[in-house]
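Working notes, beginning with the structure itself.
The values are calculated or read from the model by the stated rules, or taken from the named source; none is laboratory data. These numbers come from a predicted model, not from an experiment. Positions of Cβ are backbone-derived with ideal geometry, glycine not excepted, and every protein chain shown enters the neighbour counts.
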Amino acid sequence: MKLYSAARSSASFRVRIALNLKGLPYEYAPVDLVHGDQFEAAFRGLNPAELVPVLEHDGSVLTQSLAIIEYLDEKYPQPPLLPHDPLDRAYVRGVALAIACEIHPLNNLRVLRYLVKELRQSEEAKNTWYRHWVEQGLAQVEALLVAQRRYGRFVLGDAVTLSDVLIVPQIFNARRFDCRLDHVPTVMRIFDACMTLPAFIDAQPSRQPDMPPA
């Protein structure tokens, strides 16, 4: 396997966690999003959308972090990241999609660049935008977890699932932009539990070869 990844990309972070949880070795291919590697012809040949992550495996090219993770879960089912029970599986997907579809698209690098370069927003305004949508989105995830009361150490009881894989990178990004997090105690307890596991620890940005110096 070869993973085209960027250290600070939350979508790439998700796939790194999943690969680690499955115990799958892979080659790390860094993509410098700041300097525009994603726009180079070679990378666009892999993913015309100009986004990471991209996973090459057995002669095929896979894109979109959730699709990659579900592929890995189907091909390498242990440990499972999606529960067997349909209702449990729908719940886990629902929490994951609340992050992947509701929070992340409003705050990815393309959007932040557009705010500054095209709409002429200041860095302060851009960061205010970021914090607003992350804080609101995480509050909605918190409300969902509390309403369902299906959590234990993790989103669904005491086994790591796809939802947990999505929560951790989002919290890393929230902290990077100084988002308020005291309003999501359940989310943060789950985050802390995940960050005791080597699969999450080793996938974090600071452990990647392309992490920019502080």
Residue list for the range 1-53, filter: among the aromatic types (Phe, Trp, Tyr), surrounded by fewer than 19 Cβ atoms within 10 Å (Cβ to Cβ) and farther than 26 Å from PRO80 by Cα: PHE39
Of all residues in the range 19-70 being free of Cβ contacts under 8 Å to residues at least 12 places away in the same chain and part of a helix (DSSP H, G or I), the one that is nearest to ALA7 (Cα to Cα): ASP37
Complete set of residues in the range 155-177 that are under 18 Å from the mean Cα position of the chain (by Cα), more than 13 Å from TYR91 (Cα to Cα) and part of a loop (DSSP other than H, G, I, E, B): VAL160, PHE177
Exclusive hit being within 22 Å of ALA96 (Cβ to Cβ), in contact (Cβ under 8 Å) with a residue 12 or more places away in the chain and surrounded by 13 or more Cβ atoms within 10 Å (Cβ to Cβ), set PRO185, PRO205: PRO205
Which listed residue, of VAL160, VAL111, VAL116, is farther than 30 Å from PRO77 by Cα and in contact with a Pro (Cβ under 9 Å, 6 or more places away or on another chain): VAL111
Yes/no for PHE154 being closer than 24 Å to SER12 by Cβ, in contact with a Ser or Thr (Cβ under 7 Å, 6 or more places away or on another chain) and in the same structural domain as ALA90 (by TED's automatic domain parsing): yes
Test: residue in the range 148-168 that is among the aromatic types (Phe, Trp, Tyr) and under 21 Å from VAL34 (Cα atoms): no
Residue check, PRO77 in a loop (DSSP other than H, G, I, E, B) and surrounded by fewer than 20 Cβ atoms within 10 Å (Cβ to Cβ): yes
Single match in PHE39, PHE43 (criterion: touching a Phe, Trp or Tyr at 6+ places or on another chain (Cβ under 9 Å) and within 22 Å of ASP210 (Cβ to Cβ)): PHE43
